[in-house]
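Encoded as structure tokens, the structure appears first; notes follow it.
The values are calculated or read from the model by the stated rules, or taken from the named source; none is laboratory data. The structure displayed is predicted, hence computed values, not measured ones. When we count neighbours, we look across all protein chains shown, and the Cβ atoms used for this are built from the backbone with ideal geometry, even at glycine. Keep in mind that these areas ignore ligands, DNA and RNA; they rest on the heavy atoms of the full protein, side chains included. Shrake-Rupley method; radii C 1.70, N 1.55, O 1.52, S 1.80 Å.
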Amino acid sequence: MDMRKVSDITDFFVIVSAASTKRCQTIAEHIEEGLHKAGEPISSMEGRKEGLWILVDAYDVVAHVFYGDTRKFYNLEGLWGDAPRISLCQKKRKTSSSKKTSRKK
């Protein structure tokens with residue numbers, strides 16, 4: 001979400017969900033590692049131990065990693081409804097694949 005025109009807190013929110021607390025923790029760890037490799041500082045990380053809602057504050061970008069229905073409950077997308085959405089991932093298109101058949105000899 002592009003927060004630049006609606007908040008002074010940060011420039012962007014990245015909001016993701018995962019199917020387990022372990023996956024949330026792993027996503028947060030990968031975000032942390034990626035920022036470290038890029039030389040970007042992290043202000044704080046909260047919620048890692050529980051894994052229900054992990055917040056990674058990297059100053060200009062704040063990542064929210066949610067487990068299950070926790071994302072729906074807090075509804076950040078609704079709370080910050082004026083913020084434009086930015087899609088970082090493209091949905092996979094269904095493609096028709098032709099199956100090659102081979103003849104037995």
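Where in the stretch 1-93 are there helices (runs of 4 or more DSSP H), lying wholly inside it, with at least 2 residues that are β-branched (Val, Ile, Thr)?
On the way: elements: 21-37, 70-74, 76-79.
Passing ranges, in order: 21-37.
Please determine whether any residue of the stretch 3-16 is farther than 16 Å from ILE86 by Cβ, open to solvent by 60 Å² or more (accessible area, probe 1.4 Å) and charged (D, E, K, R). Don't jump to the end; show me each part of the working.
Here is the first cut: in the stretch 3-16, the residues farther than 16 Å from ILE86 by Cβ are 8-9.
Adding the requirement that they be open to solvent by 60 Å² or more (accessible area, probe 1.4 Å) leaves 8-9.
In the following step, the residues that additionally are charged (D, E, K, R) were identified as 8.
Yes: one or more hits.
Which one is surrounded by the most Cβ atoms within 10 Å (Cβ to Cβ) among residues in the stretch 54-105 that are among the basic types (Lys, Arg) and at pLDDT 90 or above? Explain how you work it out, then say what you get.
Taking the stretch 54-105 first, the residues among the basic types (Lys, Arg) are 71-72, 85, 91-94, 99-100, 103-105.
From what's left, at pLDDT 90 or above: 71-72, 85.
Values: ARG71: 19, LYS72: 11, ARG85: 11.
The selected residue is ARG71.
Look at SER17 and say whether it is hydroxyl-bearing (Ser, Thr, Tyr) and touching a helix residue (DSSP H, G or I) at 6+ places or on another chain (Cβ under 8 Å).
Yes: the conditions hold for SER17.
Which pairs do you get when a residue that is closer than 15 Å to VAL61 by Cα, found in the stretch 19-43, comes within reach of a residue that is basic (Lys, Arg) and loosely packed, with under 12 Cβ neighbours inside 10 Å, reach meaning Cβ atoms under 9 angstrom, with the pair 6+ apart or on two chains?
none
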